[in-house]
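*Asks:* To start, I am sharing the structure in question, which I have written as C-alpha cells.
The values are calculated or read from the model by the stated rules, or taken from the named source; none is laboratory data. Note that the structure is predicted; figures quoted are calculated from it, not measured. Methodologically, a virtual Cβ is constructed for each residue, glycine included, from the backbone with ideal geometry; neighbour enumeration extends over all protein chains shown.
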Amino acid sequence: MEAWVGSMLALLALPKFGLSTVFVIAFVSATLLPLGSEPAVFGLVKLNPDLFWPAVLVATAGNTLGGVLTWWMGYGAERAYESLSHHRPPDARALRWLARFGTKACLLSWLPIVGDPLIAVAGWLRLPFWPCLAYMTIGKFVRYVTLTGAMLWFWPGTYTH
C-alpha cells in the first residue's frame, strides 16, 4: 500500500505536472471524499506565480465537474430509493431548507464539510441541473480566487530553487 501511495504522489507531483494535478485533486475533493484542493492550488501558484489564473480556472473546472458527479449521485440515489421503496420521501430539515432556497443554495457548494453533501441533496431533490451547475461554478470560482489570493497575501515571496 505504501508503495502505491508513493508512486501516486510521484505521479501527481506539482512541479512536474502542475495543472493536471490540480485538476485531479480538485475533482476528487468535490466528491464526497474528504480531501481539500486549496493546498494544491496554493502550492502550484507559489511555485509558479504566473499560473495564478490558469490554476484557479483549472481548479474551478475540476471541482465543478466533481460537483456534477456528486449532483448525479444524489439524483441517482433518489431514483433508486423511490424505485426500491414504497415509503414516503424523507422529510429532513436540510431537505426542506434546500428546497426553500432552491438552486441558489448551490452557491454554498464551496463550504467545507457541508458543500458536497449540499450538492448531492440538490440532485436528490431534482433541482434543475443547469442552474445548479451555474451557481456551483460561481461559488467555487470565488472560493479559489479568494483563498488563493489570501494565502498569497499572507505568505508573500516567491519560491527559489
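*Asks:* Return the residues of segment 13-41 that are part of a helix (DSSP H, G or I), among the hydrophobic types (A, V, I, L, M, F, W, C) and out of contact with any Ser or Thr (no Cβ under 6 Å at 6 or more places or on another chain); say none if nothing qualifies.
*Replies:* Within segment 13-41, Phe17, Leu19, Val22, Phe23, Val24, Phe27, Val28, Ala40 qualify.
*Asks:* Just give me the residues in segment 101-160 being farther than 21 Å from Ala55 by Cα, hydrophobic (A, V, I, L, M, F, W, C) and assigned to a loop (DSSP other than H, G, I, E, B), in sequence order.
*Replies:* Ile113, Val114, Leu125, Leu127
*Asks:* Here's something else I'd like to know. Determine which member of the set Leu32, Leu65, Leu57, Leu69 is at pLDDT below 95 and out of contact with any strand residue (DSSP E or B) (no Cβ under 9 Å at 6 or more places or on another chain).
*Replies:* Details: Leu65 fails: at pLDDT below 95; Leu57 fails: at pLDDT below 95; Leu69 fails: at pLDDT below 95.
Within the list Leu32, Leu65, Leu57, Leu69, the selection yields Leu32.
Residue by residue, here is whether (1) modelled with pLDDT under 90; (2) surrounded by fewer than 18 Cβ atoms within 10 Å (Cβ to Cβ); (3) of a type outside the set (Gly, Ala, Ser) holds:
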| position | (1), (2), (3) |
| --- | --- |
| Arg88 | yes, yes, yes |
| Thr103 | no, no, yes |
| Trp130 | no, yes, yes |
| Lys140 | no, no, yes |
| His161 | yes, yes, yes |
